[in-house]
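The values are calculated or read from the model by the stated rules, or taken from the named source; none is laboratory data. Keep in mind the model is a prediction, meaning the values are calculated, not measured. When we count neighbours, we look across all protein chains shown, and the Cβ atoms used for this are built from the backbone with ideal geometry, even at glycine. Ligands, DNA and RNA are excluded from the accessible area calculation, which covers all protein heavy atoms including side chains. Shrake-Rupley method; radii C 1.70, N 1.55, O 1.52, S 1.80 Å.
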Amino acid sequence: MLRAVGASVTGPWHLQACQPSQDALSVRGWRGGWIAAIADGLGSKPLSGVGSRLAVQSAQAVFRETNAWGLPDRAVVTAIYQRWLSRVGSPEPAAYATTLLVAACNAHGEVRYLQMGDGLIVSKSQGVVQVITPERTGFGNQTRALGVDRSWSAWTTGSVQILHPGDFVLLMTDGVSDDIDAPRIGGFATAVNREVAARNRRGARAWLKHEMTHWATPGHTDDKTMSMIFRG
């Protein structure tokens with residue numbers, strides 16, 4: 001059985017400043033499968049929290065309301081970006097700049113994924129855990145986000161299958177992924193899957209929130225969001 005869960009928590013920095021989270025999350029059932037979308041607004045942009053919410057809504061709308069599943073990746077990305085720009089409705093979309101990570105899974109366990117900007121996508125398929133997101137190249141301060149970078153090369157897209165119990169796709173914003181050393185990512189993702197699979201959806205969401213709220217990394221400040229589609 002295909003299942004999905006997601007949770008998002010406001011980081012200590014925003015809590016102390018009495019400001020809302022700049023992350024956004026949407027997990028919804030779709031044609032016997034699931035669509036999960038997470039986003040992280042750029043902290044330097046004044047309306048990025050609004051931009052992140054509009055990004056996950058736009059991704060959901062494109063997959064749910066169009067024939068996106070049958071389109072090439074580039075066409076899907078273009079449709080999502082255009083939908084986001086329309087919802088932003090501003091001549092200065094950079095003020096709403098945000099990352100976006102999406103996984104759309106049909107009833108057969110076929111997953112299409114896409115990513116713009118920071119964060120991480122990890123999958124387990126046929127017993128193999130892999131980090132889908134490529135290592136960042138270029139300058140460390142290079143910004144890639146909706147509203148800032150319009151290039152097709154800024155996107156990571158592809159597909160994976162989750163056909164067997166224990167298979168999954170995990171999305172996480174950089175508030176989570178930046179605190180985990182690369183060699184530990186696979187073990188971390190597998191542990192998350194083990195914990196959420198042992199609970200009902202409400203319990204799994206509560207567990208995710210607890211873990212991200214009581215994050216083990218000393219001095220962490222960022223908002224944190226994770227979502228997983230998995231085969232139970």
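For region 143-232, list the strands (runs of 3 or more DSSP E) that sit wholly inside it and hold at least 2 residues that are of a type in the set (Val, Ile, Thr), closer than 16 Å to Gly119 by Cβ and open to solvent by less than 20 Å² (accessible area, probe 1.4 Å); which are they?
Passing ranges, in order: 224-231.
If I ask for residues that are free of Cβ contacts under 8 Å to residues at least 24 places away in the same chain and within 23 Å of Leu163 (Cα to Cα), which ones from region 189-232 would you list?
Ala191, Arg194, Glu195, Ala198, Arg199, Asn200
Of everything in region 37-52 that's buried (at least 20 other Cβ atoms within 10 Å of the Cβ) and more than 15 Å from Met116 (Cβ to Cβ), which residue is farthest from the chain's Cα centre (by Cα)?
Applying the filter and picking the extreme gives Leu47.
So how many residues does region 214-232 have that are closer than 18 Å to Ile38 by Cα and at pLDDT 95 or above?
Total satisfying the criteria: 8.
Specify which of the listed residues (Val192, Val148, Val196) is among the hydrophobic types (A, V, I, L, M, F, W, C) and more than 23 Å from Gly11 (Cα to Cα).
Answer to the selection: Val148.
Kindly indicate whether Pro46 is part of a loop (DSSP other than H, G, I, E, B) and touching a residue at least 24 places away in the same chain (Cβ under 8 Å).
Yes.
Can you pull out every residue in region 112-129 that is more than 18 Å from Ala75 (Cβ to Cβ) and among the aliphatic types (A, V, I, L, M)?
Leu120, Ile121, Val122, Val128, Val129
Checking Trp69 against (1) closer than 28 Å to Pro20 by Cα; (2) in contact (Cβ under 8 Å) with a residue 12 or more places away in the chain, which test does it fail?
If we test Trp69 against (1) closer than 28 Å to Pro20 by Cα; (2) in contact (Cβ under 8 Å) with a residue 12 or more places away in the chain, just (1) comes out false.
Can you tell me which residue within region 11-35, out of those that are part of a loop (DSSP other than H, G, I, E, B) and under 23 Å from Asn200 (Cα atoms), is least open to solvent (accessible area, probe 1.4 Å)?
Gly32
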